[in-house]
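The values are calculated or read from the model by the stated rules, or taken from the named source; none is laboratory data. Nothing here was measured: the structure is a model prediction, and the numbers come from that model. Note that we place each Cβ from the backbone using ideal geometry, even for glycine, and neighbour counts take in every protein chain shown. For the accessible areas, the whole protein counts, side chains as well, though only heavy atoms, and no ligand, DNA or RNA atoms are used. Shrake-Rupley method; radii C 1.70, N 1.55, O 1.52, S 1.80 Å.
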Amino acid sequence: MNSKIKKFLKPLMIPVAAVLIALVVGAIIIALTGSNPIKAYVSLLQGNGIIPKKSYANFKGQITDFMKFIDYVTPMIFAALAVCVALRCGLFNIGVSGQMLISGFTATVLVGYSNMSAVPAKILVVLISILVGALAGSMIGFLKFKFNINEVVSTIMFNYIFQYVISFLINTYYVDPVSRQSKMISTASRLTLVDMKIGGYKIDIPLGIILALLAVVFVSILLNKTKLGYELKAVGYSRNAAYYAGINVGKSMVVAMVISGALAGLAGATLYLGYVGSIQPKVLADTGYTAIAVSLLGNNNPYGIVFSSMLISIIENGGTYMKSSAGVETEIASVITGIILIFSASNAFVKHWLAQKNANRLLKQEKKEVQ
């Protein structure tokens with residue numbers, strides 16, 4: 001096999017194996033519950049508009065389901081990119097959910113409840129979310145650089161602070177008495193065009209997916225084609241070596257968290273001012289936590305993250321239809337997702353095991369040649 005092909009396929013082996021093992025285990029569990037695994041998996045695809053359903057309600061069709069799926073996956077792409085940038089610099093940003101929340105809430109209060117027209121409102125939502133997310137990330141980076149406070153501890157603490165302060169503000173000033181969530185934002189400020197009548201369908205059009213794909217290209221170029229990206233990766237590999245090479249380690253960590261926070265802010269904008277349109281008090285979005293494993297499943301590669309985000313979102317978003325169509329409880333979808341993420345999180349161990357096995361094989365060959 002061509003060496004270039006081997007180099008391309010090698011990083012895909014572990015993620016693909018993780019997915020296949022999870023699907024097999026999931027099929028066994030589904031079969032043990034008395035349901036048909038094939039029908040269950042088909043229903044996951046149908047629930048996301050990947051393949052058509054047998055019938056649809058008025059104004060609904062395969063395209064409406066698919067666009068809803070794209071709307072669902074958009075925040076996940078941003079959140080996983082946020083994790084990816086931090087990990088490349090050796091930082092573990094477990095506070096993506098908190099950064100999403102503070103960004104989404106700030107944009108909601110400043111723009112979502114205003115009377116602005118659509119174009120300036122949507123632009124301001126994006127800019128405010130980027131700025132607030134970057135500021136939230138910069139605080140984590142500064143604490144790490146200045147006081148060597150572990151970023152896992154600081155992000156968890158900030159998650160609690162953001163969660164409960166914002167919950168208080170929502171319940172005090174912005175709560176909807178019926179839904180008990182924050183009041184719905186204006187249509188003009190929303191990043192999802194809801195119930196757009198196109199060709200006899202009412203379609204939700206997620207504008208954020210355009211930004212998400214641009215962000216994927218931006219992060220890929222940043223990490224692989226720029227001096228800053230090289231410095232971030234060097235710090236991630238070894239801070240001591242990077243320091244002796246003349247790289248400003250502290251600055252690199254702060255910059256990495258600023259970029260990570262900005263991407264998390266965009267995740268918050270596309271979730272709270274896009275897919276959902278409101279904020280539930282005292283709840284942090286699961287997206288920020290799932291994004292950690294999604295990034296690992298995508299090998300911390302921006303383009304791989306697109307596919308891993310879609311895969312996980314297909315399983316999570318299609319669980320409801322799987323229950324109604326195939327009679328399989330939605331918790332099974334969570335089990336399948338969990339298995340995929342466990343195996344993807346074992347990526348480093350598997351790589352080490354394979355490298356050790358290969359080294360032992362080469363050592364035995366050398367011994368045979370000497371004899």
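Miscellaneous remarks
- Residue count, region 347-368 (criterion: at pLDDT 70 or above and either acidic (Asp, Glu) or open to solvent by less than 90 Å² (accessible area, probe 1.4 Å) (or both)): 7
- For region 219-256, the tally of residues that are under 26 Å from residue 125 (Cα atoms) and open to solvent by 50 Å² or more (accessible area, probe 1.4 Å) stands at 1.
- Scanning region 250-275 for residues that are touching a strand residue (DSSP E or B) at 6+ places or on another chain (Cβ under 9 Å) and of a type outside the set (S, T, N, Q) gives 272, 273, 274, 275.
- Sole residue being modelled with pLDDT under 90, buried (at least 23 other Cβ atoms within 10 Å of the Cβ), polar (S, T, N, Q) and within 25 Å of residue 220 (Cα to Cα), chosen from 344, 295, 309, 313: 344
- Residue in region 15-49 that is surrounded by the fewest Cβ atoms within 10 Å (Cβ to Cβ), counting only those that are among the β-branched types (Val, Ile, Thr) and over 23 Å from residue 295 (Cβ atoms): 28
- Matching residues, region 12-50, being under 23 Å from the mean Cα position of the chain (by Cα) and either of a type in the set (Phe, Trp, Tyr) or part of a loop (DSSP other than H, G, I, E, B) (or both): 41, 48, 49, 50
- Matching residues, region 287-304, being touching a Leu at 6+ places or on another chain (Cβ under 6 Å) and either among the hydrophobic types (A, V, I, L, M, F, W, C) or within 12 Å of residue 72 (Cβ to Cβ) (or both): 293
- Considering region 259-336, the qualifying helices (runs of 4 or more DSSP H), each wholly inside and each with 2 or more residues that are under 21 Å from residue 207 (Cβ atoms), run over 287-297, 302-317.
- Residue satisfying condition, being open to solvent by 60 Å² or more (accessible area, probe 1.4 Å) and either in contact (Cβ under 8 Å) with a residue 24 or more places away in the chain or closer than 27 Å to residue 56 by Cβ (or both), within set 152, 194, 216, 165: 194
- Residue count for region 237-258 satisfying the condition of being more than 30 Å from residue 106 (Cα to Cα) and either among the β-branched types (Val, Ile, Thr) or part of a loop (DSSP other than H, G, I, E, B) (or both): 6.
- Evaluated against (1) within 22 Å of the chain's Cα centre (by Cα); (2) surrounded by fewer than 14 Cβ atoms within 10 Å (Cβ to Cβ); (3) of a type in the set (D, E, K, R), residue 54 falls short on exactly one condition, (1).
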